[in-house]
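Written below as structure tokens is the structure these notes are about.
The values are calculated or read from the model by the stated rules, or taken from the named source; none is laboratory data. Note that the structure is a prediction, hence the values are computed from the model and not measured. Cβ: placed from backbone, ideal geometry, glycine included. Neighbour counts: every protein chain shown.
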There are 2 protein chains.
Amino acid sequence: MTDTLPETALPDLVSLRDQVGAALTGFLHAKDRNPPGIEVIHLTSTLRKLLSGGKRLRSVLCLYGWHAAGATGDATAVVRAAASLELFQAFALVHDDVMDNSDIRRGTPSAHRALAAAYSADGGPRDRAQAYGLGAAILLGDLALVWSGELLHTAGLDPDRLAQVLPLVHDMRSEVMYGQLLDLQTTGRLSADIDTPLHVIRYKTAKYTIERPLHIGAALAGAGAPVLDACTAFGIPLGEAFQLRDDLLGVFGDPAETGKAIVDDLREGKATVLMALAVQRASAAQLRTLRSLVGRSDLNDEQAAEVREVLESTGARQAVERMITTRYDAALTALDQAPFPEAVSAGLRRLAQAATTRQM
Amino acid sequence: MTDTLPETALPDLVSLRDQVGAALTGFLHAKDRNPPGIEVIHLTSTLRKLLSGGKRLRSVLCLYGWHAAGATGDATAVVRAAASLELFQAFALVHDDVMDNSDIRRGTPSAHRALAAAYSADGGPRDRAQAYGLGAAILLGDLALVWSGELLHTAGLDPDRLAQVLPLVHDMRSEVMYGQLLDLQTTGRLSADIDTPLHVIRYKTAKYTIERPLHIGAALAGAGAPVLDACTAFGIPLGEAFQLRDDLLGVFGDPAETGKAIVDDLREGKATVLMALAVQRASAAQLRTLRSLVGRSDLNDEQAAEVREVLESTGARQAVERMITTRYDAALTALDQAPFPEAVSAGLRRLAQAATTRQM
């Protein structure tokens, strides 16, 4: 374990998030004034609201990755590059909510609902509001994706470093969509197969949310294979634990804390590891309960409680808790062996704990 | 008018399209094999089908722009950069069809319809087919957008040239979405205002389809202001003429030739220049006809014929024909004054003629 970086050289989480927020604010402010004669303010304000509610996990990890590779000094360009990951995440969330037909995100109306409401409030024909919301949310996601690229390429990075990082960025962008696609292909099909949801988790979360942001930051500091490999050894199990926790919260969580409607995952019939384990362990009667209720778009609270009972009594919930613990431990072990400055490892340790318990 | 480029140095349209097609085929072939354990073949084959039906107008114009700035020699990297515009256009079409809920594109089922059908054929739950089609089409569009960036950045371009071109690419990407947004905001609201639909046309088509591809190609050859300005002077009026023709074809065209359902624009209530001119000139009775029929999602053939009759008898159709002619003439005049090699001007002249009459 190298320790060239003093503890004080690594900014705290709050400061990192504020720096990323300032970069996003500056970028979007310019966009507000950009297109002459076109009203984009509904779109950018919806985007701002979404960005303000986030934990900025990916951009923080990107900056940790930069420090993990031993970088210090002026981080202005790296902060802007990290902020571009938040715009990418905003794109992914907006489109995800359209695809899942979700009403709520981060505790407020999802983008397509907010934009439909803004359209109606603005005197738009009532029978077009839903179509407008859908279309405008697709466009908002598209713009956030495009702007993510623009922010990265205008971040002021050294061109050689940017060239080194681009393949990782391209991989990250495709990977998250592969995960989303597999998710979509399996949703609504109750199955005992846990390999496929683990595959979804790996692409959609472990690589996208943890490993790649660390990689991108590390590569921006010119990291070689040892640092990148350590990012993977830490990031993949932590990312899996993070998503397994998310799956549990999607069914058992408190909507006031998660900012999401609690029955959404069950109504959609998300093919999670949790559900696959329940199917594996269910009695014939329990299996009938799952088959008749999971994926029902009109699932009510009582029926949701019945499904939860099966997830509990089959031991599926506890099994997922154990999987989270195993992966959390693996991530911490990887961190102990990582060639990161100790201040970085300490920060990542706290972050790992927060991410798997969702105390962040 | 400079003429350093011999007529034979400019490849013919068929050859340019084939080169772009080969670049796209090679790129997508690698994507088919890329994600281990994830079935993307439905997506890539849907994308391939869409790409094969196109006229490749944007990539051809990008290559013309390159030659317009006097470039000759090995065009391999420029062809790949031009091909990236086709992936971007595929993205735009796929999302546009989702937003417009269109069934047909380029004479075959639109991506969301094709993907929903593939899902059902694959044994997917019947009641999820539509949601799957929508979600998978959004993801396919997202992937095409991301891959467009990847193809551009791995095209093998000189880094300094790429840096010169990126601001134009970023502008192009935002502009087309601003145009789409304004289109969406005005659809379904019958209006006599022609400035707004002209604004839509400028962003969505004139800049995106003609001016920016020429600019990008020219900048890849290191063009200065005189060449870029000439691209604008030619591209904007031609692009406006092209979209005005498209608007006429959307209402009066032959579906067998346009590859689109003829009543779609009327059912949606697209706020076109054509419609605005009709509203301006309509009698009280004609206005009642337009108000009661335009934007009806259940518009039948007989009702569509009634609307067409109003568009004819008010003279709106003829007025749009005149606007096309004026803009076509302006584009040709700009070409006569452009500092392009004569072979390029001759090619652009043919292309302008084909684009405004849709003989291409």
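Among residues belonging to region B:187-220 that are free of Cβ contacts under 8 Å to residues at least 40 places away in the same chain and among the acidic types (D, E), point out the one that is nearest to the other protein chains (Cβ to nearest Cβ).
Top of the filtered list is B:D195.
Going through A:L63, A:L87, A:L93 one at a time, which residue ends up being within 14 Å of chain B (Cβ to nearest Cβ) and touching a helix residue (DSSP H, G or I) at 6+ places or on another chain (Cβ under 6 Å)?
Of A:L63, A:L87, A:L93, the one residue that is within 14 Å of chain B (Cβ to nearest Cβ) and touching a helix residue (DSSP H, G or I) at 6+ places or on another chain (Cβ under 6 Å) is A:L87.
Taking the condition modelled with pLDDT of 95 or more and either more than 17 Å from the chain's Cα centre (by Cα) or farther than 27 Å from B:A75 by Cβ (or both), does B:L228 pass?
Spelling it out, B:L228 is indeed modelled with pLDDT of 95 or more and either more than 17 Å from the chain's Cα centre (by Cα) or farther than 27 Å from B:A75 by Cβ (or both).
Just checking, does region A:224-233 include any residue being under 18 Å from A:V60 (Cα atoms), more than 14 Å from chain B (Cβ to nearest Cβ), free of Cβ contacts under 8 Å to residues at least 40 places away in the same chain and not aliphatic (A, V, I, L, M)?
Yes, region A:224-233 has at least one match.
A:L115 - would you say it is more than 18 Å from the chain's Cα centre (by Cα), surrounded by 24 or more Cβ atoms within 10 Å (Cβ to Cβ) and in contact (Cβ under 8 Å) with a residue 60 or more places away in the chain?
Yes, satisfied.
Report the residue count in region B:134-150 for those that are within 19 Å of the chain's Cα centre (by Cα) and in contact (Cβ under 8 Å) with a residue 40 or more places away in the chain. Break it down stepwise before answering.
Going residue by residue through region B:134-150, those that are within 19 Å of the chain's Cα centre (by Cα) are B:137-138, B:140-149.
Right, trim to in contact (Cβ under 8 Å) with a residue 40 or more places away in the chain and you get B:137-138, B:140-145, B:147-149.
The number of residues fulfilling the criteria is 11.
Residues of region A:39-53 being away from chain B (no Cβ under 14 Å) and among the charged types (D, E, K, R), which ones? Lay out the reasoning, then the answer.
Of all residues in region A:39-53, those away from chain B (no Cβ under 14 Å) come to A:48-53.
Answer for region A:39-53, where residues must be away from chain B (no Cβ under 14 Å) and among the charged types (D, E, K, R): A:R48, A:K49.
What's the number of the only condition in (1) in a helix (DSSP H, G or I); (2) of a type in the set (S, T, Y); (3) buried (at least 17 other Cβ atoms within 10 Å of the Cβ) that B:S102 fails to meet?
Answer for B:S102: the failing condition is (1).
Looking at the structure I just gave you, is A:L145 in contact with a Phe, Trp or Tyr (Cβ under 6 Å, 6 or more places away or on another chain) and either surrounded by fewer than 21 Cβ atoms within 10 Å (Cβ to Cβ) or modelled with pLDDT of 95 or more (or both)? Give the steps one after another, and end with the answer.
On the way: in contact with a Phe, Trp or Tyr (Cβ under 6 Å, 6 or more places away or on another chain): yes; either surrounded by fewer than 21 Cβ atoms within 10 Å (Cβ to Cβ) or modelled with pLDDT of 95 or more (or both): yes.
So A:L145 passes the test.
I'd like to check which helices (runs of 4 or more DSSP H) are fully inside region A:268-358 and have at least 1 residues that are loosely packed, with under 14 Cβ neighbours inside 10 Å.
Per the criteria, A:284-293, A:301-313, A:316-337, A:342-357.
Check B:G123 against each of (1) without any contact (Cβ under 8 Å) to a residue 12 or more places away in the chain; (2) at negative phi and name the one condition it does not meet.
The failed condition is (2).
Within region A:106-122, count every residue that is within 17 Å of B:I138 (Cβ to Cβ) and at pLDDT below 85.
Looking only at that region, the number is 0.
Starting from residues that are part of a helix (DSSP H, G or I) and more than 9 Å from chain A (Cβ to nearest Cβ), keep the ones in region B:140-159 and report whichever is farthest from B:A69 (Cα to Cα).
Looking at residues that are part of a helix (DSSP H, G or I) and more than 9 Å from chain A (Cβ to nearest Cβ), I get B:A144.
For residues in region B:60-98 being in contact (Cβ under 8 Å) with a residue 12 or more places away in the chain and assigned to a loop (DSSP other than H, G, I, E, B), which is nearest to B:G235 (Cα to Cα)?
Result: B:A69.
Give region B:47-76 a look and list any residue that's buried (at least 24 other Cβ atoms within 10 Å of the Cβ) and among the polar types (S, T, N, Q), or say none.
B:S59
Here's a check for you: in region A:178-196, which residue that is of a type in the set (A, V, I, L, M) and outside any helix (DSSP H, G or I) is surrounded by the fewest Cβ atoms within 10 Å (Cβ to Cβ)?
A:A192
Could you tell me which of the residues A:D229, A:D247 is assigned to a helix (DSSP H, G or I), of a type outside the set (K, R) and closer than 19 Å to A:A334 by Cα?
A:D229
List pairs: first in region B:166-186 and facing chain A (nearest Cβ under 7 Å), second among the aromatic types (F, W, Y), Cβ under 6 Å, 6+ apart or cross-chain?
B:Y178/B:Y203
Can you tell which of B:Q243, B:Q180, B:Q185 is out of contact with any strand residue (DSSP E or B) (no Cβ under 6 Å at 6 or more places or on another chain), closer than 30 Å to B:A75 by Cβ and among the polar types (S, T, N, Q)? Explain how you work it out, then say what you get.
Details: B:Q180 fails: closer than 30 Å to B:A75 by Cβ; B:Q185 fails: closer than 30 Å to B:A75 by Cβ.
Going through B:Q243, B:Q180, B:Q185 in turn, the sole match is B:Q243.
So A:R126 clears everything in (1) over 23 Å from the mean Cα position of the chain (by Cα); (2) under 19 Å from A:V40 (Cα atoms); (3) not β-branched (V, I, T) except one condition, right? Which one?
(2)
With respect to the numbered conditions (1) more than 14 Å from every other protein chain (Cβ to nearest Cβ); (2) farther than 26 Å from B:V169 by Cβ; (3) modelled with pLDDT of 90 or more, which one is the sole condition not fulfilled by B:R56?
Only one criterion is unmet by B:R56, namely (2).
Can you give me the number of residues within region B:118-139 that are basic (K, R) and either crowded, with 23+ Cβ neighbours inside 10 Å or at the interface with chain A (Cβ under 7 Å from one of its Cβ atoms) (or both)?
Looking only at region B:118-139, we keep the residues that are basic (K, R), and these are B:126, B:128.
Add one more test, that the residue is either crowded, with 23+ Cβ neighbours inside 10 Å or at the interface with chain A (Cβ under 7 Å from one of its Cβ atoms) (or both), and what stays is B:128.
So the answer is 1.
Any idea how many residues of region A:21-53 are at pLDDT 95 or above and either in the same structural domain as A:A206 (by TED's automatic domain parsing) or not in a helix (DSSP H, G or I) (or both)?
0
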